[in-house]
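Okay, so here's the structure we're looking at.
The values are calculated or read from the model by the stated rules, or taken from the named source; none is laboratory data. Keep in mind the model is a prediction, meaning the values are calculated, not measured. When we count neighbours, we look across all protein chains shown, and the Cβ atoms used for this are built from the backbone with ideal geometry, even at glycine. Just so you know, the surface numbers come from the protein's heavy atoms only, side chains and all, with ligands and any DNA or RNA stripped out. Shrake-Rupley method; radii C 1.70, N 1.55, O 1.52, S 1.80 Å.
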Amino acid sequence: MRTLFAAMMLCLGAGAAGLTQDQPQTMPATAPSLSAEAEVCTAVVDRMPSGGGTIFGADVGTLCCWSRITGAVGETTIVHIWSYNGKEMAVVELPVRSSSWRTHSRKNILPEWTGNWEVKVVDADGNTLKSVAFTVGTATTQ
């Protein structure tokens, strides 16, 4: 009887010791990172860019930045940051509602705003996913 009791205590002790030992920690799977395609264009037709380019006339009037975002898990946002000759001109927050999402923003361009432009596509954490440089009218050197 004493041997049976000792064996039971030994098993219980081993089980308890197993509960207090450090178990290897498993890290959660890393969320997939977002990626982006982007194009500056004169219009978006049927959710696709139209009239894309890197040089636009001073009389262009309005430009669009079209983006395709892939890799989103759940709903998130991106931001289009429009800059002219290094100065931030517009910040447009856009929703992303699926793992493959197309969206765009528009910017009115005054005729006197000739020079170097850039649109950055930025994720919700502030990471730049894509940057598109273009020129309106004649490029200026900085």
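Listing for the model above:
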item	result
Estimated inter-spin distance, S131 and K87, nm [label 7 Å along Cα→Cβ]	2.0 nm
Prolate/oblate/rounded label for the range 44-142 (Cα gyration tensor, a/c 1.5)	prolate
Accessible area expressed per residue, the range 42-140, with surrounding protein chains retained (probe 1.4 Å, Å²)	52 Å²
Spatially proximal lysines relative to K87 (Cα-Cα < 16 Å; intrachain offsets below 8 disregarded)	K107, K120
Length gained when the stretch S99-A58 is fully extended (0.36 nm per residue, less Cα-Cα span)	11.1 nm
